[in-house]
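Take a look at the structure below.
What follows is calculated from the coordinates using simple rules that are stated; it is not laboratory data. Computed from a predicted structure; not experimentally measured. Cβ coordinates were reconstructed from backbone atoms using ideal geometry, including for glycine residues, and neighbour counts include every protein chain displayed.
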Amino acid sequence: MPHPLDLADLRSRVQDRIDTELDRWEVELAGVGPDVADLTGPVRTLLQGGKRLRAGFAYWGWRAAGQDDHEGAISLAAAMEFFQAAALIHDDVMDDSETRRGQPAMHRALSRAHAERLWHGEPDRFGVAGAILAGNLCLGWCDDLFADSGLPPQALEAARPVFERMRGQLMAGQFLDIVTSMRPWHDLDDAERIERSRHVITYKSAKYSIEHPLLIGATAGGASQHDLDALSRYGVALGVAFQLRDDVLGVFGDPDVTGKPAGDDLREGKRTVLIARTLAGADDVASTQVDQWLGAPDLGTAEVEAFRELIISTGALEGVERDIAEGAAAARSALAEASGVPEPARTVLAELIDLTTARST
């Protein structure tokens, strides 16, 4: 059975559209000077990888509205990948991440290049500044691709409010994540910690990963309000489940698959639903241990393994797996309610539920 994101030759066509856009901008920016390649080169490298989920949901949102294949929908899908690249570059800066998809995060790569060239100033400051600018470039290129996609003007006019909502809510969600990471957690009860963690991932990840790309495509395609409402419910439920799976992989995943060192989310101190559930099931001794380990940048292999055992013993992993299953079930129910979604979009969207929530993701 073909991969659901390879139907209509989707991923290869999206990659071709991304490469064409990058080629255009490399020519456009060449006159600024050769140093600009330090920005565009790593962006191109980043955009060679990834699952293409956001592109897939945008394209199949268009098809879910009953539309036929269209090169403009491919451009719309490629725009989502530029938006994702911007989010990843900026997120790595905010999280002070070392790697992304098995390669140095962009700010780290720029910092190392600065040091190797024996330039003046602080390498880390140079890396952060360059990464912020590269992310901003990706945001601009995303907007260009959206506006110049080739879809009918009325389709883009209809989808523009969803597109703008996606950008605004992601930025606000990222800030909410920062605020949550700084505020004390111990003055909250267990239910409040879990609910706040779910609220953050809804706006930091779930909506821009699945709901908004899907609705951008479906709204551009002219889907009915009934189907848009159902697809919105599908997108939020599946988006939360997808991020919960990603949080599990951030602790228990294989580095060869995730592209990040084992336990990196623990070292970064991410206050995920997984950690909130761990605290909910922990006694005083275990809670103290969580406080000592979570966010410790020098957390070693033995401590990571002990932390994993603590997460399992408190029932947190089992609880999050249950949350993921419930989210997948809610997405299936919502898709069933989207009565106007035709084939093959309906089958693809159903298969994407399994793809994004499977334990082997």
- Message: Of the candidates Leu274, Leu294, Leu214, which one comes out as most mobile in a Gaussian network treatment of the chain with C-alpha springs shorter than 10 Å?
- Response: Leu294
- Message: Less than 15 Å Cβ to Cβ from Val36, Lys/Arg counted +1 and Asp/Glu -1: what total charge do the surrounding residues give?
- Response: -3
- Cα gyration tensor shape for the chain, rounded if a/c is under 1.5, else prolate or oblate: oblate
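Sorting check: for 242-255, 39-52, which peptide has the highest mean count of neighbouring beta carbons within 10 Å, and how do the rest follow? Write out the running numbers ahead of the final one.
Details: 242-255: 20.0, 39-52: 17.9.
Sorting 242-255, 39-52 by mean packing, highest first, produces 242-255, 39-52.
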- Which of Thr45, Ala191, Pro161 sits farthest toward the positive end of the charge dipole of the chain, with +1 on the Cβ of Lys and Arg and -1 on the Cβ of Asp and Glu? Pro161
- Table column - 3J(HN,Hα) (Hz), segment 154-160, Karplus curve with 6.51, -1.76, 1.60, x for Gly and Pro: 5, 5, 5, 4, 5, 7, 3
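Assign unit charges at the C-beta atoms only (+1 for Lys and Arg, -1 for Asp and Glu), then state the dipole size of segment 1-86 relative to its Cα centre in Debye, rounded to the nearest 20.
On the way: 9 positive and 14 negative charges, 85 e Å.
My answer is approximately 400 debye.
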- Item | Hz values of 3J(HN,Hα) by residue in segment 88-100 - Karplus curve (6.51, -1.76, 1.60), Gly and Pro given as x | 5, 4, 5, 4, 5, 5, 5, 8, 6, 6, 8, 10, 8
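Based on the mean of other Cβ atoms within 10 Å per residue, sort peptides 142-150, 80-88 so the most packed one is first. Don't jump to the answer; show the numbers that get you there.
Values: 142-150: 18.2, 80-88: 24.8.
In decreasing order of mean packing, 142-150, 80-88 become 80-88, 142-150.
Counting Lys and Arg as +1 and Asp and Glu as -1, what is the net charge of the other residues whose Cβ lies under 13 Å from the Cβ of Ala296?
Overall, the nearby charge balance is -4.
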- Item | Vicinal HN-Hα couplings computed from phi for segment 204-217 (Karplus, 6.51 cos²θ - 1.76 cosθ + 1.60; Hz; Gly/Pro x) | 7, 9, 4, 6, 7, 7, 10, 4, 5, x, 4, 6, 4, x
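Show that you can apply the helix-only estimate: for the chain, add -39,500 (n - 2.57) for every DSSP H stretch of four or more residues, divide by all residues, and state [θ] at 222 nm to the nearest 500.
Working: 17 runs with 257 residues, N = 361.
Helix-only estimate at 222 nm: -23500 deg cm²/dmol.
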